[in-house]
Amino acid sequence: MCVQTNQSVLLTPTSEVESVPGDQPQAATVDSPPSTFIRVLIVDDHRAVRSALRAFLLVNDDLELVGEATDGLEALQLCERQQADVILMALLMPRMDGANATRAIRSRYPQIQVLILTGSNEKRLGEEAIQARAIVLLLKEVTGDQLARAIRAAYSGHPITAAQITALPS
């Protein structure tokens, strides 16, 4: 399933594109990484997830880790000090969840793109994240290649479509 607005896309592993009335789908050109580093901030309350995402960033030459936070409040504080381009944000976290953190970050720092990573397939939470102006919402089941492509698309300001991400080999 894919829910797309002018700025956001919700992707699940078996995605099909569903247009929202009045919206024009936007395709991203993300076949090759950009020539500069994409500065990434990781926000997740699970240490193992942060560790796995850190290792993932290390093997992608164009992605640079600029910080880690365990909840949305820490993410807001880090945004004041770090120059992140893209935030990998969990949806369910203590103190401040991903949707509320996304709303606050996009309001204060509109140049930062937020990519929500979640293990939850809960429709209401996904809709909240999209309404908060996350550029894309992915289930944590995505592959490394799919996540890298989504980060590059987010960095360029274009949500990646369901067809683009599911077409990648696992």
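The values are calculated or read from the model by the stated rules, or taken from the named source; none is laboratory data. Given the structure is predicted, the values throughout are model-derived calculations rather than measurements. For neighbour counting, all protein chains shown are included, and Cβ atoms are generated from backbone atoms with ideal geometry for every residue, glycine included. These accessible areas exclude ligands, DNA and RNA; they are computed on the full protein's heavy atoms, side chains included. Shrake-Rupley method; radii C 1.70, N 1.55, O 1.52, S 1.80 Å.
Summary table below
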quantity	calculated
Percent RCO, i.e. relative contact order, over segment 42-161, from Cα pairs under 8 Å lying at least 6 residues apart	21 percent
Exposure ranking of 158, 46 by accessible area [1.4 Å probe, largest first]	46, 158
Solvent-accessible area per residue for segment 41-157 (1.4 angstrom probe, square angstrom)	45 Å²
152, 108, ranked by accessible area, largest first (probe 1.4 Å)	108, 152
Pairwise label distance in nanometres, residue 36 with residue 52, each label 7 Å out on the Cα-Cβ vector	3.1 nm
Percent carbon-and-sulfur accessible area, segment 54-150, ignoring ligands, DNA and RNA, probe 1.4 Å	45 percent
